């Protein structure tokens with residue numbers, strides 16, 4: 001592969017990682033307004049997170065490959081961490097949301113605040129992830 005093609009891929013996947021993170025943050029924060037007390041609220045939020053984690057894992061994996069082939073091992077490692085973290089978070093957070101959604105339907109009063117906490121924590125994790133990616137871009141040369 002030519003160096004210019006690899007550079008283009010690196011830039012495109014870096015921008016894609018940033019766009020996916022920003023889009024998720026902009027879309028998930030307003031969802032905190034929902035009461036989380038109906039099955040439809042929980043289903044929508046779960047679907048939103050599920051899609052985000054799938055896309056983030058794919059883009060992170062693609063960015064890992066582009067960085068690795070471009071000779072940027074530290075960026076490749078960082079993108080790989082994002083991809084793996086997205087897979088792990090998808091498995092754990094979605095499973096917890098599914099469990100809590102079923103408890104919300106049975107009028108478990110502690111399930112709603114717990115669902116909101118998970119929602120909020122997932123947003124914080126993504127925010128930290130975005131800050132680290134942006135910081136790394138400014139701190140190290142891409």
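The table below lists the values:
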| quantity | calculated |
| --- | --- |
| Whole-angstrom gap from region 98-142 to region 25-79, using each part's C-alpha centre | 10 |
| Mean ellipticity per residue at 222 nm, deg cm²/dmol - from DSSP H runs of n ≥ 4 across the chain, formula -39500 (n - 2.57) | -30000 deg cm²/dmol |
| Between helix 3-28 and the chain: long-axis angle, C-alpha atoms, 0 to 90°, nearest 10 | 20 |
| Between helix 111-139 and the chain: long-axis angle, C-alpha atoms, 0 to 90°, nearest 10 | 10 |
| On Cα atoms only, tilt of 73-105 relative to the major axis of the chain in degrees | 10 |
| Overall Cα dimensions of region 3-139, principal axis frame, Å, largest first | 58, 22, 19 |
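Taken together, the values in this text are just the output of simple stated rules run on the coordinates, not laboratory data. Just so it is clear, the model here is predicted, and its values are computed rather than measured.
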